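To start, the structure itself, in structure tokens.
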Amino acid sequence: MTCVCSCSPGTAQESRGGPGAGAAEPFSDGAEPSYSTDFEVHRNWLAITHSLPVSRWYYEATSEWTLDYPPFFAWFEYTLSHIAKVFDPEMLNIQNLNYASPRTVLFQRFSVIFTDVLFIYSVYECCKCIEGKKAGKELTEKPTFILSVLLLWNFGLLIVDHIHFQYNGFLFGLMLLSVARLFQKRHLEGAFLFAILLHFKHIYLYVAPAYGIYLLRSYCFTADKPDGSVTWSSFSFLRLIALGFIVCFVSALSLGPFIAMNQLPQVISRLFPFKRGLCHAYWAPNFWALYNALDKMLCIIGLKYNLLDPKKIAKASMTSGLVQQFQHVVLPSVTPLATLICTVIAMLPSIFCLWFKPQGPRGFLRCLIVCALSSFMFGWHVHEKAILLAILPMSLLSVGKPQDAAIYLLLTTTGHYSLFPLLFTAPEFPIKVLLMLLFTVYSFSSLKTLFRKEKLLNWMETIYLVGLGPLEICCELVFPFTPWKLKYPFIPLFLTSVYCAAGITYAWFRLSVSMLPGPAVSKAKLQ
Amino acid sequence: MFGDYEAQRHWQEITLNLPVQEWYFNSSDNNLQYWGLDYPPLTAYHSLLCAYVAEFINPDWVALHTSRGYESDHHKLFMRSTVFIADLMIYIPAVVLYCCYLKETSPRKKIANAFCILLYPGLLLIDYGHFQYNCVSLGLTLWGVLGLSYDWDILGSLAFCLALNYKQMELYHSLPFFCFLLGKCLKKDLKGKGLLLLIKLITTVVAAFALCWLPFFTQLEQTMQVLRRLFPVGRGLFEDKVANFWCSLNVLLKIKSLLSPHTQLMFSFALTFLSLLPACLKLTLQPSLRGFKYALVSCALSFFLFSFQVHEKSILLVSLPVCLILNEVPFMSIWFLLVSTFSMLPLLLKDQLALASVGTTLGFGVACASSFSIFENISEEELQLRSFSVYVRRHIPGFKVPAKMLKTWFLVSVTMMSLLTLTSITVEPPHKLPDLFPVLVCLVSCLHFLLFLIYFNVIILWDHRNGRSQKKIN
């Protein structure tokens, strides 16, 4: 099974071969645990930024894990590499592919823990923005406490950052901090932080429309008419120029050196490699998973009833290790442009609401989540880790209203379950199950206590969530011992993907609808 | 790579494939030099049980001779889950029950107490990281303590006998159990009920031992061999670096080479006996549950500091009783538990558990600090030293326990431990002193332990007066 070279705007280097692709090669003397390839990626980047001059950073290709994050992240790795020298200088040698001495592992893991400090600070700032409704209650029942636990011990973040190895902690810290600043009406700071974030990891481009429209509408237009529509005369050019200046300044800082060296096209090509695959070996549970499943189903039905000619069907199997141009058999094939258009169309209603009926920072947050979730639903070569982009900001909303809490519980439980295939070795099984149970039990019990008067989930949603248990047992405990394992090895992944996709689609739909009451209310007022 | 994990796997292999008579003997099939069995029979039976399950899942794991050094992901998962199951069945229920029945505490405090005890990093790291089954023996001891606190003396002593038959190190706890039960019998008047209780207890102990050692009582040679494996007196005063009095003394004065092995044995026996005599006498004459718990701590600590062939893991035997008094003297207990984890640092680093130990210690510290609000209430009363200071003030007026200073000393101690941890992880020791950091760790820990020994003994010896004076005041 070959490793999958992932490629897509923003999700590059995130899907380094799902479980079907034999991603992590165990060490040759069986005693060492196998490390995820993300670990090797970051070690490689430490080596590249330390050993090579800046002009060669985006050209280096000794290892297959090339630098494909924006320059700020490269500078971050450069800073880390100086500390890495103290721990183990050998890891900074580019030729040392798959080097993972104990000191290296220690340093890398400590660096993730250390950078999480920024995440902790931003959680603290977010908690300050949440209004504590019933003060004087016991500590564990206050919304701020619940929010801080939901964010700090988020199961998805824990396993992706600390087990699978990434630096999402401090990146999400930056994003939450910028959201908190916007809540606190410190718009310029928020914009500045978001601009920096974009140059750390360009996947956050997906939520840029929310930022852009909100800042334009609520910051550049200084006053609103009583019914909430735009007062064109109150447009402040000064503020627009300030925002533009911030964005340009940050971009210049980041991309400036590369523009000066005429390397901009190379940097862009590394950041946005549009190579292949609507989905990778494990389909992220989004709309396209359902689309693929439907296509496959129709194909099987068509073959059975001789509606289709078997010779014309492409031989490529869906979930083998190689990612290929996926040819849909019955339904029309999907191109990157089509996914972009779908994403934009999905985001449009909420963006319109944000423009025409701004509900302040809360409306912005809701729009941000809808944008993130829409991009997850319809994006090209999305990795399941991208669900965290929607889950973490959603926690902020969940302690506000019971309807949001219900959507949050649905989205989070399903999203976290869909991350299970990331950890596929036997020793990780009890860890992931126990951690997931801990987080799920806590989120349900704390949110139920917070909103004790309302019923959060109806019977259908409850049955759906409870069904995750038997699904897990079937996929991981029962299936490996059945005779179908050799014939249809992709079934557990397929089932997980489709089941979670249903839940996430439902959550996306409900969330989009929750943005909408605005225009209906204003229409009622006009009439 | 080959450590206690391989030892446990090997014992499963031996107990499954060889007949009982050969388990403790050196033979061509059972090479005692290669991780020979050196725990009492109950461990062997437990290994046999695990071996049956292992054979059912995958016979390769316990095949005679060929499975040496076997390591695979699935096998690791199996071994770790055996520890977890043993924990779940024996240790965790004991802790939960103990905390449920604590007197004069709110439900919230009880849960916090249970949580902190279960989070104790030392036991977690040694059982799950280094790989041992301490949870079984410590859990059984805890059941023994629970039995004794509810006057179910027979059941309590039965549980403790089982613990003793699981690991011979539980002998550290045996003296307090013995003294407490003897004291109870004496109190009930040896001529009547007391004698009956004594006879019942003796019968229970003998029966428990007989049951466990049944296969080994058939021949004298068998029994002697097992005893020889359990108590290797030929091995010397200490091995490796331990936070022990002898090891620390050895840094200044090379006793190991100065005295003969026989003299070493006599010295250690004498010093151990002397240091635990006051507490045991007090317990026999005035048996009380509170005194019993503190006596467990001080006796185990005395044994740890002065006894023969102590391993650094034996500090767990002291930590368990300290966990039991967590709600009475939270500040000192937490300090002790942190030092005890730190004292095992060289062992943990060898097992590449640096990250795990830092993480769990931090988590434990945070959990305890928030559950017990330790820094607010450091006073004579809180440290249980009131009666002691009253007594001293009769002779030295103006004496005050330096409670405020303790906070500073605690912070200094924690800083020193953190610095030593950091340097042990990152810096290479100089060539002339390759053992510099382990020795420093042992010296620092030993100093702490000696001070804690004095502290706990003071509490025990002045305990009764506290009860009396309180009654007078009330």
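The values are calculated or read from the model by the stated rules, or taken from the named source; none is laboratory data. Remember, it's a predicted structure, so these values are computed and weren't measured experimentally. No Cβ is skipped: glycine too gets one built from the backbone with ideal geometry, and neighbour counts run over all protein chains shown. The area values use the complete protein model at the heavy-atom level, side chains included, leaving out ligands, DNA and RNA. Shrake-Rupley method; radii C 1.70, N 1.55, O 1.52, S 1.80 Å.
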Pick from the stretch A:421-451, criterion of a type outside the set (A, V, I, L, M) and touching an Asp or Glu at 6+ places or on another chain (Cβ under 7 Å), ranking: farthest from the other protein chains (Cβ to nearest Cβ)
A:449
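Examine the stretch B:87-107 for a residue that is more than 23 Å from the chain's Cα centre (by Cα) and within 14 Å of another protein chain (Cβ to nearest Cβ), and state whether such a residue exists.
Among the residues of the stretch B:87-107, at least one is more than 23 Å from the chain's Cα centre (by Cα) and within 14 Å of another protein chain (Cβ to nearest Cβ), which makes the answer yes.
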I'm checking my understanding of the structure. Among residues of the stretch B:57-80 that are part of a helix (DSSP H, G or I) and more than 14 Å from chain A (Cβ to nearest Cβ), which one is most open to solvent (accessible area, probe 1.4 Å)?
B:59
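Is it true that some residue in the stretch A:162-172 is more than 14 Å from every other protein chain (Cβ to nearest Cβ), among the hydroxyl-bearing types (Ser, Thr, Tyr) and crowded, with 19+ Cβ neighbours inside 10 Å?
So far as the stretch A:162-172 goes, yes, one or more of its residues are more than 14 Å from every other protein chain (Cβ to nearest Cβ), among the hydroxyl-bearing types (Ser, Thr, Tyr) and crowded, with 19+ Cβ neighbours inside 10 Å.
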Looking only at the stretch B:395-444, count every residue that is in contact with an Asp or Glu (Cβ under 9 Å, 6 or more places away or on another chain) and either at pLDDT below 85 or small (Gly, Ala, Ser) (or both) and tell me the total.
4
Can you pull out the residues in the stretch B:308-324 that are under 23 Å from residue B:245 (Cβ atoms) and either open to solvent by less than 20 Å² (accessible area, probe 1.4 Å) or of a type in the set (Asp, Glu) (or both)?
B:310, B:312, B:314, B:315, B:316, B:317, B:318, B:319, B:320, B:321, B:322
In the stretch B:9-51, what residues are out of contact with any helix residue (DSSP H, G or I) (no Cβ under 6 Å at 6 or more places or on another chain), open to solvent by less than 10 Å² (accessible area, probe 1.4 Å), in a helix (DSSP H, G or I) and more than 14 Å from every other protein chain (Cβ to nearest Cβ)?
B:10, B:14
For the subset of the stretch A:91-117 comprising residues that are open to solvent by 70 Å² or more (accessible area, probe 1.4 Å) and away from chain B (no Cβ under 14 Å), which member is nearest to residue A:152 (Cα to Cα)?
A:98
Here the residues within the stretch B:423-442 that are part of a helix (DSSP H, G or I), free of Cβ contacts under 8 Å to residues at least 12 places away in the same chain and within 14 Å of another protein chain (Cβ to nearest Cβ) are B:426
Can you list the helices (runs of 4 or more DSSP H) found entirely within the stretch A:367-480 that contain at least 2 residues being of a type in the set (Val, Ile, Thr) and within 30 Å of residue B:71 (Cβ to Cβ)?
A:428-450
Residue by residue through the stretch B:361-380, note down the ones that are of a type in the set (A, V, I, L, M, F, W, C), modelled with pLDDT of 80 or more and open to solvent by less than 30 Å² (accessible area, probe 1.4 Å).
B:364, B:367, B:368, B:372
One residue is enough: does the stretch B:347-360 have a residue meeting the conditions away from chain A (no Cβ under 14 Å), touching a residue at least 24 places away in the same chain (Cβ under 8 Å) and either open to solvent by 30 Å² or more (accessible area, probe 1.4 Å) or out of contact with any strand residue (DSSP E or B) (no Cβ under 7 Å at 6 or more places or on another chain) (or both)?
yes
Of the residues that make up the stretch B:421-430, is at least one surrounded by fewer than 20 Cβ atoms within 10 Å (Cβ to Cβ), of a type in the set (D, E, K, R) and over 24 Å from residue B:458 (Cβ atoms)?
yes
So is residue A:468 more than 25 Å from the chain's Cα centre (by Cα), away from chain B (no Cβ under 14 Å) and either surrounded by 15 or more Cβ atoms within 10 Å (Cβ to Cβ) or acidic (Asp, Glu) (or both) or not?
no
Only one of B:314, B:373 is closer than 28 Å to residue B:149 by Cα, among the polar types (S, T, N, Q) and out of contact with any helix residue (DSSP H, G or I) (no Cβ under 8 Å at 6 or more places or on another chain), namely B:373
